[in-house]
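The values are calculated or read from the model by the stated rules, or taken from the named source; none is laboratory data. The shown structure was predicted, so the numbers you read here are calculated from the model rather than taken from an experiment. Cβ atoms come from the backbone with ideal geometry, glycine included; neighbour counts cover every protein chain shown. To get the accessible areas, we keep the full protein, side chains included, count just its heavy atoms, and leave off ligands, DNA and RNA. Shrake-Rupley method; radii C 1.70, N 1.55, O 1.52, S 1.80 Å.
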Amino acid sequence: MEEKKYGWNGWKMPILHPNDPDFCELGCPICVPARNGNKVAKAVQKFEEIITGGKGCWWGRARKRKYGVGPSECVPRKK
C-alpha cells in the first residue's frame, strides 16, 4: 500500500476529512515532528491538548481510535 501524501508538507490539512488518522500519523506538521523529538512542536502539541481538554485535534482522535495511541505516542511495531 502506498503512503498518503499531504500538500505543502502537511500544512494543507484535510479539513473536509476530520476522521483521517493517517494525517496525524504521516502528515501533520505538529504531531510528526513532536513524535520525532522537536521541542517546539512538543510544546505546541501540549498546548493543543490543554485547550481541548486532553482530547487533541480531530485527526489525533481518529489516530487514537485506529492505532490505540495518542498523538504524542509512537505506534508500536508489529513483530
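Structure values in brief
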read-out: Near pairs, Cβ below 7 angstrom, 6+ apart or cross-chain, from region 59-79 (assigned to a helix (DSSP H, G or I)) to any residue that is among the aromatic types (Phe, Trp, Tyr) and surrounded by 15 or more Cβ atoms within 10 Å (Cβ to Cβ); value: TRP59/PHE23
read-out: Matching residues in region 38-58 - criterion: being open to solvent by less than 100 Å² (accessible area, probe 1.4 Å), free of Cβ contacts under 8 Å to residues at least 24 places away in the same chain and hydrophobic (A, V, I, L, M, F, W, C); value: ALA41, ALA43, VAL44
read-out: Yes/no for GLU2 being modelled with pLDDT under 90 and either touching a strand residue (DSSP E or B) at 6+ places or on another chain (Cβ under 8 Å) or not in a helix (DSSP H, G or I) (or both); value: yes
read-out: Counted residues, region 35-79 - those being over 9 Å from the mean Cα position of the chain (by Cα), modelled with pLDDT under 90 and among the polar types (S, T, N, Q); value: 1
read-out: Selection count, region 59-79, where residues are exposed (fewer than 12 other Cβ atoms within 10 Å of the Cβ) and not small (Gly, Ala, Ser); value: 6
